[in-house]
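Asks: My questions will all concern the structure given below.
Coordinate-derived values only; no laboratory data. Keep in mind that what you see is a predicted model, and the values were worked out from it rather than measured. All Cβ positions, even for glycine, are placed from backbone atoms using ideal geometry, and neighbour counts span all protein chains on display.
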Amino acid sequence: MASPASVDEYIAGFPPEVADRLRRIRSEIVSQVTAASGTAPEEKIRYGIAAVMLGGRYALHFAGWKKHIGLYPVPPLPEPLQSEIAPYRAEKDSVVFPHTKDVPYDLIGRVARAIADERVDQPAKD
């Protein structure tokens, strides 16, 4: 199967329930990155998954999988946000939201905002 050409195409490749979750996650991320940076972010496919960019660098990647939806990379966050996201951590910089549970969209938005706020203040690396 060919790699999707856009985030819309990527999301459309999932079953309807998963696609709906991915659209809502995308909306949260884009909204919070926009609020932090003052401009709508670029969205693209990187490493075969969806990425929301900030100043030419990634802000967050999100991906649908058979059993969950993942966000990458999610660095250590300030408290109390770190404690709230801790139950979803799968690896050091990864968080997962199982399809069998409700997705905490508000939490995803707050995580996206914290990451975007940090990256807005950092110069882009070449």
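Asks: Output the residues belonging to the range 31-49 that are under 19 Å from Leu107 (Cα atoms) and buried (at least 20 other Cβ atoms within 10 Å of the Cβ).
Replies: Gln32, Val33, Ala36
Asks: Something else: Before we move on, is Asp106 farther than 22 Å from Tyr10 by Cβ, under 13 Å from the mean Cα position of the chain (by Cα) and not hydroxyl-bearing (Ser, Thr, Tyr)? Spell out the reasoning first.
Replies: Details: farther than 22 Å from Tyr10 by Cβ: yes; under 13 Å from the mean Cα position of the chain (by Cα): yes; not hydroxyl-bearing (Ser, Thr, Tyr): yes.
Spelling it out, Asp106 is indeed farther than 22 Å from Tyr10 by Cβ, under 13 Å from the mean Cα position of the chain (by Cα) and not hydroxyl-bearing (Ser, Thr, Tyr).
Asks: Can you tell me which residue in the range 66-75 is surrounded by the fewest Cβ atoms within 10 Å (Cβ to Cβ), limited to those that are of a type outside the set (Gly, Ala, Ser) and touching a residue at least 12 places away in the same chain (Cβ under 8 Å)?
Replies: First, the residues of the range 66-75 that are of a type outside the set (Gly, Ala, Ser): 66-69, 71-75.
Narrowing further to those that are touching a residue at least 12 places away in the same chain (Cβ under 8 Å): 67-69, 71-75.
On the way: Lys67: 8, His68: 18, Ile69: 21, Leu71: 23, Tyr72: 18, Pro73: 13, Val74: 24, Pro75: 11.
My answer is Lys67.
Asks: What is the residue count in the range 1-28 for residues that are loosely packed, with under 12 Cβ neighbours inside 10 Å and over 14 Å from Asp102 (Cα atoms)?
Replies: Of the range 1-28, the ones loosely packed, with under 12 Cβ neighbours inside 10 Å are 1-3, 5, 15-17.
Now drop any that are not over 14 Å from Asp102 (Cα atoms), which leaves 1-3, 5, 15-16.
Within the range 1-28, residues that are loosely packed, with under 12 Cβ neighbours inside 10 Å and over 14 Å from Asp102 (Cα atoms) number 6.
Asks: In addition: Take residues that are farther than 18 Å from Val18 by Cβ and tell me which of the strands (runs of 3 or more DSSP E) falling wholly in the range 29-107 contain 2 or more.
Replies: Working: elements: 43-46, 49-54, 57-64, 68-72, 89-91, 94-98.
The strands (runs of 3 or more DSSP E) meeting that bar are 43-46, 49-54, 57-64, 89-91.
Asks: What residue, of Tyr105, Tyr88, is crowded, with 16+ Cβ neighbours inside 10 Å and of a type in the set (Phe, Trp, Tyr)? Show your work before the answer.
Replies: Values: Tyr105 fails: crowded, with 16+ Cβ neighbours inside 10 Å.
The match here is Tyr88.
Asks: To continue, here is another question. Return yes or no: is Ser27 among the polar types (S, T, N, Q) and under 14 Å from the mean Cα position of the chain (by Cα)? Quick ask: steps written out before the conclusion?
Replies: On the way: among the polar types (S, T, N, Q): yes; under 14 Å from the mean Cα position of the chain (by Cα): yes.
So Ser27 passes the test.
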